[in-house]
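**Student:** Quick one: the structure is below, questions incoming.
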Amino acid sequence: MEDMNKFFRMNEGRILASTQAIARLFAVDKKTVAVWAKKGLPRVTTGWYDLQGCLEFKNIKNSEHGESLEQQKLKADLRYREARADNEELKQKAAIGEYIAVAEIEERLKETFAQVKTTLLAIGQKTMADIYNQYPEVAFDVKHTVECEIERGLAQLATGAKQTASGRYSKAKSK
């Protein structure tokens, strides 16, 4: 895993992202990030941008469905980065003799699930990109279908619903 400090750092309570991190996050090249900076992308210093400000600058909305899948992914990624920073703080406290608290275990689980969610939500875009050259007429339909199924699966995971034989979801019974 690449060194997180190369891509992200904290400054006055804000998470700063490098040009390379912003380019990866929005799936564009560094030149596009430079163009966005000229158009108002919130740059803090040379090569570093306010991550929250960048998300607000790129505010990708889909009026039909509220937040778009990409916006959900970006927000989940931001929450993941914040959780990771909090986790580092907890590690420092544990290093000076404090025990591992339940809160730290919960944070680690949240971090793991946030990472799983981010990875799953990227599958639709990757699938579309992979098949677009051979089947451009169905690529967007495939992307939409994959994203819908992933969103449904994540919702099922979040609510504890169980899929029945008919394909419908019912609330899981507690034991």
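The values are calculated or read from the model by the stated rules, or taken from the named source; none is laboratory data. Predicted, not measured: the structure shown is a model, and the values here were computed from it. Cβ: placed from backbone, ideal geometry, glycine included. Neighbour counts: every protein chain shown.
**Student:** Scan the stretch 1-21 for residues that are under 16 Å from L55 (Cβ atoms), in a helix (DSSP H, G or I) and modelled with pLDDT of 90 or more and jot them down.
**Tutor:** Correct list: T19, A21.
**Student:** Here's something else I'd like to know. Which numbered condition trips up A83, out of (1) at pLDDT 90 or above; (2) more than 25 Å from E107 (Cβ to Cβ)?
**Tutor:** Tallying (1) at pLDDT 90 or above; (2) more than 25 Å from E107 (Cβ to Cβ), A83 fails exactly one: (2).
**Student:** State the number of residues belonging to the stretch 86-121 that are in contact with a helix residue (DSSP H, G or I) (Cβ under 7 Å, 6 or more places away or on another chain) and assigned to a loop (DSSP other than H, G, I, E, B).
**Tutor:** 1
**Student:** Next question, about the same structure. Give the residue that is modelled with the lowest pLDDT, with candidates limited to residues of the stretch 22-60 that are in a helix (DSSP H, G or I) and of a type outside the set (A, V, I, L, M, F, W, C).
**Tutor:** Here is the first cut: in the stretch 22-60, the ones in a helix (DSSP H, G or I) are 22-25, 30-38, 51-57.
Still in the list and also of a type outside the set (A, V, I, L, M, F, W, C): 24, 30-32, 38, 52-53, 56.
On the way: R24: 90, K30: 92, K31: 93, T32: 91, K38: 90, Q52: 87, G53: 87, E56: 82.
Within the stretch 22-60, the match that is modelled with the lowest pLDDT is E56.
**Student:** Hey, any hits in the stretch 87-105 for a residue that's within 21 Å of the chain's Cα centre (by Cα), at pLDDT 85 or above and not β-branched (V, I, T)?
**Tutor:** yes
**Student:** Here's something else I'd like to know. Which count do you get for residues in the stretch 22-54 that are within 16 Å of the chain's Cα centre (by Cα) and among the aromatic types (F, W, Y)?
**Tutor:** Looking only at that region, the number is 1.
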